[in-house]
Amino acid sequence: MTLTNQNKPRPKLVLFEGLADLGAPLGRRNIDRLERDGIFPRRLRLSAHRIAWVESEVVDWVRAKIASRSEEVGEIGSKPRRRAVRSVKAKKRRAK
């Protein structure tokens, strides 16, 4: 065995049931939709009735979701974003 093979981690495959353990507790249809939209890692077909995902890709996806949360909400303890306040006149016009 060469040194390069010893240093590389072995890729691991995760079945659907193991996705929740990696931090992706999603349903089958939701995963199908996210995969189709290019948001979730693509599956591998192991056999006619068995699919799996590459563990490192799923872990990277979970980490990216966590990182995007802090970008969306801001730092912990920061002031929440203010929503635009509509004027009373605009509300009355919409009610008509």
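The values are calculated or read from the model by the stated rules, or taken from the named source; none is laboratory data. Computed from a predicted model, the values in this text were never measured in an experiment. Neighbour counts run over all protein chains shown; Cβ positions are idealised from the backbone, glycine included.
Mind checking which residues of segment 11-36 are among the acidic types (D, E) and more than 13 Å from V62 (Cβ to Cβ)?
Start the filter on segment 11-36 by keeping residues that are among the acidic types (D, E), which leaves 17, 21, 32, 35.
Those that are among the acidic types (D, E) and more than 13 Å from V62 (Cβ to Cβ): E17, D32, E35.
If we only count helices (runs of 4 or more DSSP H) wholly inside segment 19-96, which ones have 1 or more residues that are at pLDDT 90 or above and touching a strand residue (DSSP E or B) at 6+ places or on another chain (Cβ under 7 Å)?
55-73
So how many residues does segment 24-55 have that are surrounded by 14 or more Cβ atoms within 10 Å (Cβ to Cβ) and under 16 Å from the mean Cα position of the chain (by Cα)?
The qualifying residues number 11.
What pairs come up if the first residue lies in segment 22-51 and is more than 18 Å from A64 (Cα to Cα), the second is small (G, A, S), and their beta carbons are under 6 Å apart, counting only those six or more places apart or on different chains?
L44/A52; L46/A52
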